[in-house]
Amino acid sequence: GQGVELGDRLLVDALEHGSIPLLRLLREIRPPQDPSRNPLFQIMISLEPPMPPVDPAWDLTQSGASSGSTKMDMYLNLDTRPDGLMAPIMYNPDLLDAAAVHRMFADWRALLEAAIANPDCPIAALPLPVVQSRPRRWFRF
C-alpha cells in the first residue's frame with residue numbers, strides 16, 4: 001500500500017544520505033534548542049528481530065533491568081516472539097502519565113490494525129481514534 005511505498009522511499013533516501021554528519025544535518029534544519037530534548041525526535045520505536053529458537057525450558061525476556069527513565073519522551077521496543085510481540089514502553093513521567101501512555105498505545109494499535117485490514121487505503125484516509133477526550137497536542141501532524 002501507500003504507507004509501505006512511502007516508508008521504502010524514505011528509508012532508501014535516508015540510507016543514501018547516511019554519510020552526512022549529524023552536526024551538519026542539525027545546522028541545516030535548525031531544530032529548536034532545548035537541552036532536555038532530543039533535537040530530531042521525541043518518540044522512538046525499535047523492532048527487534050526474532051530470536052532463534054531456544055530450549056522450551058528457558059523463559060527468556062528482553063531485559064528485566066530498567067533505570068526507570070528514557071532519554072526520549074517515549075520509547076517503545078517491539079520484541080518479536082513466536083506468539084506475537086512483547087512491547088515494553090518507557091516514558092518520561094514528567095511529561096506523561098500511565099493512563100495517557102496506555103491510551104496512545106491503544107490508539108496506535110487500532111490505527112495499525114486498520115492499516116493491516118485495508119492495505120490499499122491511503123494513510124490519510126485511515127480512521128483516526130476518537131479524540132474528544134484527549135489533549136489535542138497528541139494529534140498534531
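The values are calculated or read from the model by the stated rules, or taken from the named source; none is laboratory data. Values in this document were obtained by computation on a predicted structure and should not be read as measured data. Virtual Cβ from ideal backbone geometry, glycine too; neighbours counted across all protein chains shown. With ligands, DNA and RNA removed, areas are computed over all heavy atoms of the protein, side chains included. Shrake-Rupley method; radii C 1.70, N 1.55, O 1.52, S 1.80 Å.
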Would you please list the contacts, defined by Cβ atoms under 8 Å and residues six or more apart or on different chains, that run from a residue in the range 28-44 that is open to solvent by less than 80 Å² (accessible area, probe 1.4 Å) to a residue that is modelled with pLDDT of 80 or more and among the hydroxyl-bearing types (Ser, Thr, Tyr)? Met44/Tyr75
Of all residues in the range 79-109, count the ones that are surrounded by 11 or more Cβ atoms within 10 Å (Cβ to Cβ) and assigned to a helix (DSSP H, G or I). 10
Residue count, the range 1-47, condition among the small types (Gly, Ala, Ser) and more than 23 Å from Met72 (Cα to Cα), comes to 3
